[in-house]
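So the structure is just underneath, and the comments pick up after that.
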Amino acid sequence: MKEVIMLISATLGTLGFTLIYKTNPKHIPFATLGGILSCGVYLFFNATGLNVFVSNFIAMSVSAMVCEIFARILKAPAVIFLLPSVIPLVPGGSLYYTMSNLIFGNYEAVVFYGKTTLLTGLGIAAGMITASVIMAIISHYFLRDRKNKNKTIA
Amino acid sequence: MENKELFERIKSAESLATTENNSRSYADRVLSVALMLGESLLHCGGEINRVENTIERICRAYGAKHVEVFTITSVIIAEVRMEDNSYSSQIRRVLQSEMGTDLNLLEKLNAISRRICTESIEPERAAKLIKKAREKNSYPALLPLLGAFIAAGSFAVFFGGNLFDGLAAAIVGMLITLIDARPSFMNKMASTAICSFIGGCLAYFISYLGSHLGLSGNVDMVMIGAIMLLIPGVSFGYALRDLMFGDTLSGALKIIQAILLAAMIALGYSLAIILIGGAMI
């Protein structure tokens, strides 16, 4: 039940952020779909007991890959779908708790939240890179995308 | 004050790029347009490697033999050399995120860059296209406000608040977004601290009202929902991504900025706790 509420609220949150980032209304459904995907995959793998880094990594790779596919189909830069779909994973809460505990002097909590922030951020970054490298390899070898041949990988 | 000067500088660079003037060399005109596009991309939230690639591709489309670009979050440096060995080098100091992320503009700029690369448009005409896309902002002004309302509310629920917390966070988040349109004399750190202080006070006030009406108000949940609008979580993630993509300097700058912003938010909020929380509880 808790997961269902989190998924629904993350969906609405992503939708809200697509409006804050002034996404073209045409692309809003796809960007929101990316957010649902990243949150859903994260919750699924987190429930199976994987740690923060690995579940964020898998969630971000899957949703970034889907975003890159959207970008190719809709002929728009991938960042338009990527930026909103990171939102449910973003370590905003833990980054805030790190700094607020630092101000109040709870150093044990600082270490805990700081670790979570760093691992989440690294997981997201690693996921994005994995997806873009895989897409670059696919378009280089399988789609014979001659126009992008000079584009460096990632 | 500093911001005003920077805006004037942007305007003068813009008028230089758009007016046709035969006394300037071809390399100079090409680089003006490329840097104008790169600068606009950085403003509306483009990644560093996208900016560098775009500048290089535009220069090559105009027939450049050799292009050098270096970009970090606040500066673009570029040099271009043409077939006839005429060259130009220019620097742009980029005013960071004055307009906030604008994915609609990013998409338009990307389309313009593709158009420049496929059709051969005169540099001045291309500059006018960019200027038009920048000035004609067709996005409805109320939608981002509505987005802040929805996002703050749903993140309060996401982090474990109840429906009343969500509603309170939505109202606080919308008010914070209204306040966040800061005057030009205040820098981003100070305005973020003030915003989160006001947000903290509002969150306390609304939760206090709620607890009197019999609805359980959880101040922490209200606040974390509203904070999601201010916290640079996305830029923290993107900073690590920049680091891993090889843009080490930009990544490091963004990480420092994100951590400092988070500290400012925590500072503003803890001031609210000390001043008001102590008085009410």
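Observations, loosely collected:
- Residues in region A:98-145 that are under 27 Å from A:R72 (Cβ atoms) and among the polar types (S, T, N, Q): 3 in all.
- Members of region B:64-113 found to be touching a strand residue (DSSP E or B) at 6+ places or on another chain (Cβ under 9 Å) and within 14 Å of another protein chain (Cβ to nearest Cβ), listed by number: B:V67, B:V69
- Residues in region B:246-268 that are surrounded by 18 or more Cβ atoms within 10 Å (Cβ to Cβ) and either of a type in the set (G, A, S) or in contact with a His (Cβ under 7 Å, 6 or more places away or on another chain) (or both): B:S250, B:G251, B:A258, B:A262, B:A263, B:A266, B:G268.
- Within region B:118-157, considering residues that are farther than 19 Å from B:G173 by Cβ and hydrophobic (A, V, I, L, M, F, W, C), the one nearest to the other protein chains (Cβ to nearest Cβ): B:A133
- Scan of region A:56-98 for residues that are farther than 21 Å from B:A156 by Cα and part of a loop (DSSP other than H, G, I, E, B), ordered by number: A:K75, A:A76, A:P77, A:A78
- Condition check for A:I58: among the β-branched types (V, I, T) and more than 10 Å from chain B (Cβ to nearest Cβ): yes
- Qualifying residue in region B:181-198 (condition: facing chain A (nearest Cβ under 10 Å) and assigned to a helix (DSSP H, G or I)): yes
- Scanning region A:105-125 for residues that are within 7 Å of chain B (Cβ to nearest Cβ) and over 25 Å from A:K22 (Cβ atoms) turns up just one, A:L122.
- Among the residues making up region A:8-46, those that are within 7 Å of another protein chain (Cβ to nearest Cβ) and not polar (S, T, N, Q) are A:A10, A:L12, A:G13, A:L15, A:G16, A:F17, A:L19, A:I20, A:Y21, A:K22.
- Any chance B:L243 is buried (at least 18 other Cβ atoms within 10 Å of the Cβ), within 11 Å of another protein chain (Cβ to nearest Cβ) and either among the aromatic types (F, W, Y) or in contact with a helix residue (DSSP H, G or I) (Cβ under 7 Å, 6 or more places away or on another chain) (or both): yes
- Of everything in region B:30-79 that is more than 18 Å from B:G100 (Cβ to Cβ) and of a type in the set (D, E), the residue that is surrounded by the fewest Cβ atoms within 10 Å (Cβ to Cβ) is B:E68.
- Region B:132-144, residues that are surrounded by fewer than 17 Cβ atoms within 10 Å (Cβ to Cβ) and touching a helix residue (DSSP H, G or I) at 6+ places or on another chain (Cβ under 6 Å): B:Y139, B:L143
- If you go through region A:83-94 and keep only what is in contact with a Phe, Trp or Tyr (Cβ under 7 Å, 6 or more places away or on another chain), modelled with pLDDT under 85 and either among the charged types (D, E, K, R) or crowded, with 24+ Cβ neighbours inside 10 Å (or both), you end up with just A:P91.
The values are calculated or read from the model by the stated rules, or taken from the named source; none is laboratory data. Everything quoted here is computed from the prediction, not taken from an experiment. Cβ sites come from the backbone with ideal geometry, for glycine too, and all protein chains shown count toward neighbours.
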